[in-house]
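Trainee: Below is a structure I'd like to ask you about.
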Amino acid sequence: MGSARTYRITSTRVVAVVGSTLALLFVVAFTSKALDAYRLRAWRDRLQVEIQDLEREREELQAELDRRQTYAWVDERLRDMGLVPEGVVSVIPVPAAPEPETIGPAGEGTSDGPSRAPVRANEGFFRNAHWEAWQRLIWGFDTPQ
């Protein structure tokens, strides 16, 4: 019946098959690398959001720590726990600030800067407004000096 047909394999066909196979492998490899890059970018973005959340939480915790280290917070907690009766005033000693320098009228003062307020001869260490305020607070009365 029929005659057998013979196919000739030419170098053009071999190059075409090898080239298309390589192109297919290249497309598959490129696609897998692109998907990996997409996944890594998405993971990086999630991590950056998580880092921002953690930094915000750290700032909030630092603010809470700073707030809890104040005397006002300790007093409030002691009152809330019932360890300090109502009406008790806590006193926190604060070092006095240096007296501000004042500039006197023209002609007064020195050439090296403003002059300080004059010190009275009868004003000693225990005779000043601060000490009198402490005496009123501790003893409950004024001490005219």
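A short reminder: the numbers here are calculations on the coordinates, not readings from a lab. Owing to the predicted nature of the structure, the values given are computational and were not obtained by experimental measurement. No Cβ is skipped: glycine too gets one built from the backbone with ideal geometry, and neighbour counts run over all protein chains shown.
Trainee: Quick check: pseudo-label points 7 Å beyond the Cα along Cα→Cβ at D53 and V84, how many nm apart are they?
Mentor: Going by the 7 Å Cα→Cβ label model, 3.8 nm.
Trainee: Okay, moving on. In sequence order, what are the phi-derived ³J(HN,Hα) couplings for region 25-34 according to the Karplus relation 6.51 cos²θ - 1.76 cosθ + 1.60 with θ = phi - 60°, rounded to whole Hz, with x for glycine and proline?
Mentor: Using θ = phi - 60°, the values come out as 4, 4, 4, 5, 5, 4, 5, 5, 5, 5 Hz.
Trainee: Now, a different point. Given C-alpha coordinates of region 9-92, what is the ratio Rg to Rh with the Kirkwood estimate of Rh?
Mentor: Values: Rg = 33.4 Å, Rh = 19.5 Å.
Looking at region 9-92, the ratio lands at 1.71.
Trainee: Among W134, W43, rank each residue by its count of other Cβ atoms within 10 Å, from fewest to most, as a rough exposure measure. Walk me through the intermediate numbers first.
Mentor: On the way: W134 13, W43 10.
With the fewest neighbours first, W134, W43 line up as W43, W134.
Trainee: Could you give the nm distance between label points at A129 and D75, where each point is 7 Å from its Cα heading toward the beta carbon?
Mentor: For A129 paired with D75, the spin-label model returns 2.1 nm.
Trainee: Please give, to one decimal in nm, the separation of the simple spin-label points placed at D45 and F30, each 7 Å out from Cα toward the Cβ.
Mentor: Rounded to a tenth, the inter-label distance reads 2.3 nm.
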